[in-house]
Every structure is written in structure tokens, then in C-alpha cells.
1. Could you figure out which of (1) within 30 Å of A:Met152 (Cβ to Cβ); (2) at pLDDT below 85; (3) more than 9 Å from chain B (Cβ to nearest Cβ) isn't true of A:Ile200?
2. B:Val256 passes all but one of (1) over 15 Å from the mean Cα position of the chain (by Cα); (2) buried (at least 23 other Cβ atoms within 10 Å of the Cβ); (3) more than 8 Å from chain A (Cβ to nearest Cβ); which number fails?
3. Looking at the stretch B:117-149, which of the residues that are over 17 Å from A:Leu218 (Cβ atoms) and touching a Pro at 6+ places or on another chain (Cβ under 9 Å) is farthest from the other protein chains (Cβ to nearest Cβ)?
4. Kindly indicate whether B:Ala227 is away from chain A (no Cβ under 14 Å), more than 24 Å from A:Ile200 (Cβ to Cβ) and buried (at least 20 other Cβ atoms within 10 Å of the Cβ).
5. List the number of the failed condition for B:Leu149; all other conditions in (1) at pLDDT below 75; (2) buried (at least 21 other Cβ atoms within 10 Å of the Cβ) hold.
6. All but one of (1) under 17 Å from the mean Cα position of the chain (by Cα); (2) at pLDDT below 90 hold for B:Met117; state the number of the condition that does not hold.
7. Looking for whichever is more than 10 Å from every other protein chain (Cβ to nearest Cβ) and either of a type in the set (Asp, Glu) or more than 21 Å from A:Val147 (Cβ to Cβ) (or both) here; the options are A:Leu179, A:Leu247, A:Leu207, A:Leu215. Which one fits?
8. Does A:Ala183 qualify as being surrounded by fewer than 17 Cβ atoms within 10 Å (Cβ to Cβ) and under 23 Å from the mean Cα position of the chain (by Cα)?
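The values are calculated or read from the model by the stated rules, or taken from the named source; none is laboratory data. Being a predicted model, the structure only gives us computed values, none of them experimental. A quick note on method: Cβ atoms are made from the backbone with ideal geometry, for glycine too, and the neighbour counts reach across all protein chains shown.
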Amino acid sequence: MKRIALPAAIVALIALAALVLPMLLPWSHDAIDWDHVRAAPATAGHWLGTDELGRDRLARLAVATRITLAVALAAALVSMLVGVGWGMIAGWAGGRTDELMMRIVDALYALPFMFIVIVLMVVFGRSILLVFVGIGLVEWLTMARIVRGQVMTLRHRPFVLAAEASGAPVRVILARHILPNIAGVALAYLTLNLPGIIMIESFLSFLGLGVQEPLTSLGILVKEGADDMDVAPMGLQVPGGVMVTLLVCLTLVGERLRDRFA
Amino acid sequence: MRALVLRRLLTAIPTLLLVLLASFALMRFAPGGPFDGERPLAPETRAALEAAYGLNLPMGEQFALFLQRTLTGDFGPSLVYRDFTVTQLIADSLPVSLTLGGLAILLALVLGLAAGMVAALRPGGWADETLMLVATIVTALPSFVTGPLLALIFGLWLGLLPVGGLGDGLLSAPQYWIMPVIALALPVAGAIAKLARAGLAAALAQEHIRTARARGLGTGAIIARHALRPALVPVVSYLGPAAAGLLTGAVVIETVFALPGLGRYFVQGALNRDYPLIMAVILLYAALIIAFNLIADLLYGWLDPRSRA
């Protein structure tokens, strides 16, 4: 547990700050302070200064982190539901059903998904909901493969055979005997999915296709910072730093969970 | 071997068709079109334009026409870059993207394999722990953060490297490639380091390695002759997904460093609904990913004879 606790605590701290800070700060993330446009850090109560429109950078950072984390969590849950469901059915059914379902997964792996998501974004407008759905649809494949493998090994274990022999319906076996045994692996891959999803969301936002104003996300802040880095490098460094910290810590937690359960 | 290639090529065809059909349907049935400007066009002008580009035909016919043209390598005219055919645009930009991707994967392989080897020599030692932590951190670094940060430090502050562009020709000025290639290669290098370390550590723990050691072979010779080949198996099977990752990353890197590559055309094309351009780029990307997976599988068979069925 020791090696998981530190990165997990850092993620929790960032998430907590993102939740609480907007309530404590006197500025909202899109309020304009006309008297202090492009203020330096720590002037007039703007701890991180203001951006080129006079919006408080700290408030924007907190709201952006909040939205990035919310999108990641929602999309990861979608991908977990789809992946666990798909993998369980394929692994339990076996035979031809399994073959077909896994071929579909293989074929989908070969698609340039990122590009299809970009086209989706452009075509159907840039809503947060679509960001969720698009990302969730991309990220379930690995989960499905892993879960299928786990179910296949569990399938012939004595306690499952016993439940089957005693006439328990499949639904009950899956829910009572299989699901608890794959929960750990699913949790590990859920955590490992989070950084991937944050990257996709930020990537879309970076290209101007993700979350739209007045909402903001870490990807948007990094993009704004990159555009403005010759005059205000802090605008790139701070959101970039928060994002990298989140990504690294989530990856470490996910890898260590995976090593434990898989 | 030949059967494998043939089978994979045959399964690639439906995948490519699916990609084409899906993206075609998506774009055509979506609201908004390439001729929607600030001012609405006169109905006659619009009709004439649509007729000129074949957009007034029934959908099925448009798709059939598109397939037929694609097979002959003609992707049609770009709807946004007037006077350019899509084939021309791709011919101009593909070398840039391929150079970027090729250099990045080369760098990633060199860095990743070197780090993996050093780490695997003493599993659990300080070099192993440090290198693997660095590898994890580097894997989690998104290219759209590292790219601008590199440009900030080495381009703006230190003034050592140009922050964007390509110079006169493709490879006339190597300094233009340094930062884009590093930013693109780092996450892949991290992933390769981890895979190489795991593979090599497992290979070094096997009994024939102990025998070789007992016979007095040096570490270098053992790795080169006995351990490297099996250890490369996980690395090679990662190359397929890695290629996909590089293509995606290249879109950002090309945007950040103003490189005239395929990724930039794709984003611009998608934003402007330049149908022929988007379709061509998606098709190309899908074909590249399939090709990379095939190459990875062939290498796999060469590295691990047991997998040849």
C-alpha cells in the first residue's frame, strides 16, 4: 500500500483543491477584472496573476482541473462498463461468440480512432457529452481484452463449476462469483485509463475541438499558455505542471494496482 | 509466412472499407458543408458548385465513384485549397510526417532499449528503480506540454534552436527537427524502456543464460547472443500501437512547431469540412496502422520461432 499511498494522496489533494478553491476565491473563472489585465502573480489578490482578458488564473486553473477530472472519470466509467460487459460475455460464452467479439475488438484496435473522434467533434458540434462518449468508446478495448482473459481462467475454477452444477442462473454466477473476482483488475485498468483519457481530452481541447468557452479545461489552459509563452511563461508552466503531476501520479497508482491484482 | 501476410492483407480490406464507409457517412449526413461561408451563396451558384464536385449525385453513387477513384490513387480536388488536388497535398506533406515519425521511433528505440538494458542488468538496483520511475514519468508526459515547454526553454530563453518551421528543404537544416522529434519520441521511449526491461529481466533469469554464464561468457556477449532476441518480443508487439500513438502525437507536434505535415492538413481539413482531404488522410492513417501491425507481427515471428504457426 505504501507505494500507492503517496501518488494517490497527491491526486486526492489536487482534486480537493479543484473542488474547494472556486468556492473560496472571490473571482469566478470567467469574471473579468478590468483594472488588472495581465497582472503579475500575487497582485491585487490574484495569486497566479490574470490572463490576457483579466481573468484570475488560479480560479481558471481550479475550474479547469475540475472539468478535466470530471470528464476523465465519466469517460473512464463508460469505458469500464462497456469493456467489463463485453469481456465478461465473450469470456463466459467462449467458442464462436467469443471469437466474433474478439475479432471486432481487434478490428477496432486498427482504426485511427483519434481521427474519427476528431471528425465526430467537428461534425456534431463540440459538446462535453460527445467528448465523454467519443473517449469512452475508444478506451474500452483494452479493458475488454483483460476482463475476457480473467473470466476465461475463472470459468473453470471449482467454485464456479460448483455454482453452475447447483443450478444457479448465469446472471447470478456472473454477478456473485465472477464480478467480485475481476473487480481488482477492473479498478486497476480504470485508473490506468484515466491518464489516457485526460490526454485525449486535452489533445482535443488543444486543437480547439474539446471543451468550449466559457468552460475551460487543462488542455485549453496549456494551449492558451503556449500561445502566450513569450510574455507570460507562467501561463504554460503552471497548468502544464498540474497536468503532468496528475498524469504521472495516476499512472503510478494504476501500474502499482495492476501489478498487485494482475 | 506468406500465408500470414496474405491473410492479414485480406482482413485489412474490410477494415479499410469500414473506415471509409463510416467516415464518408459521418461527414455527408452531418449538418454544415464546405460552401457555407459568411454570406449564403445564390442557389444557382451553390447548385453549380455541388454539380461540379459531384455532391448532387445520390449517396450510393457518390460512394461508388469515390471508391473507384481512390483505387486509382485519385482522391479528387481539395474543396478548400483551391487548385490543389488532395493527392498533391498529400505528396507534399507525407514526407514531412514520415520523416518526423521515423526519426522519433528511431530515437525512442535507441533511448528505450538502452535504458531497458541498463535497468535489467540489476533488477531492483538503484539504476533500475530510477530509470523505471523516469520511464513512467516520461510516458505520462503529453507531447502538447513537452513541445511548448521545449520551445520555451531552448527556443525562446536559450535561443539555441528554432521554435518552428522547416528551413528550406526537408532535411536541409537538422536543427529544425531536434525539438519536434524529442517531444514526439519521449513517451514512446518510456514505454519501450519498460517493455525492454521486463523482457530482458525475464530472459536473463532463464536457465540457458545461467549455463552461458557458467561457461564464462561475458554479460555483453550473453545479452547480444542469447537474451536480446527473446527480450525484444514485447517491444515489437508494442510497435503497432506505438505507430498509432506517434501519428496522433504528430498532429500536435506539427501544429506546435509549424511543420507542414499531414496532421496539420487533417486538422485544417476537418475544421473546414474538406471532405476529400479528410477521407484521404483517414484512409492513409488506417493503412499505415495496419501496415505497422503487420510488420510488427512479421518481426514477432522472426524473433520468436515458437509463434510461427
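1. Of (1) within 30 Å of A:Met152 (Cβ to Cβ); (2) at pLDDT below 85; (3) more than 9 Å from chain B (Cβ to nearest Cβ), only one is false for A:Ile200: (3).
2. Looking at each condition in turn, B:Val256 falls short on (3).
3. Of the stretch B:117-149, the ones over 17 Å from A:Leu218 (Cβ atoms) are B:117-139.
So of that shortlist, the ones also touching a Pro at 6+ places or on another chain (Cβ under 9 Å) come out as B:138-139.
Values: B:Val138: 9, B:Thr139: 7 Å.
Among those that are over 17 Å from A:Leu218 (Cβ atoms) and touching a Pro at 6+ places or on another chain (Cβ under 9 Å), it is B:Val138.
4. Details: away from chain A (no Cβ under 14 Å): yes; more than 24 Å from A:Ile200 (Cβ to Cβ): yes; buried (at least 20 other Cβ atoms within 10 Å of the Cβ): yes.
Criteria met by B:Ala227.
5. Result: B:Leu149 fails condition (1) only.
6. Failed condition: (1).
7. Working: A:Leu179 fails: either of a type in the set (Asp, Glu) or more than 21 Å from A:Val147 (Cβ to Cβ) (or both); A:Leu247 fails: more than 10 Å from every other protein chain (Cβ to nearest Cβ); A:Leu207 fails: more than 10 Å from every other protein chain (Cβ to nearest Cβ).
The unique qualifying residue is A:Leu215.
8. For A:Ala183, the condition - surrounded by fewer than 17 Cβ atoms within 10 Å (Cβ to Cβ) and under 23 Å from the mean Cα position of the chain (by Cα) - is met.
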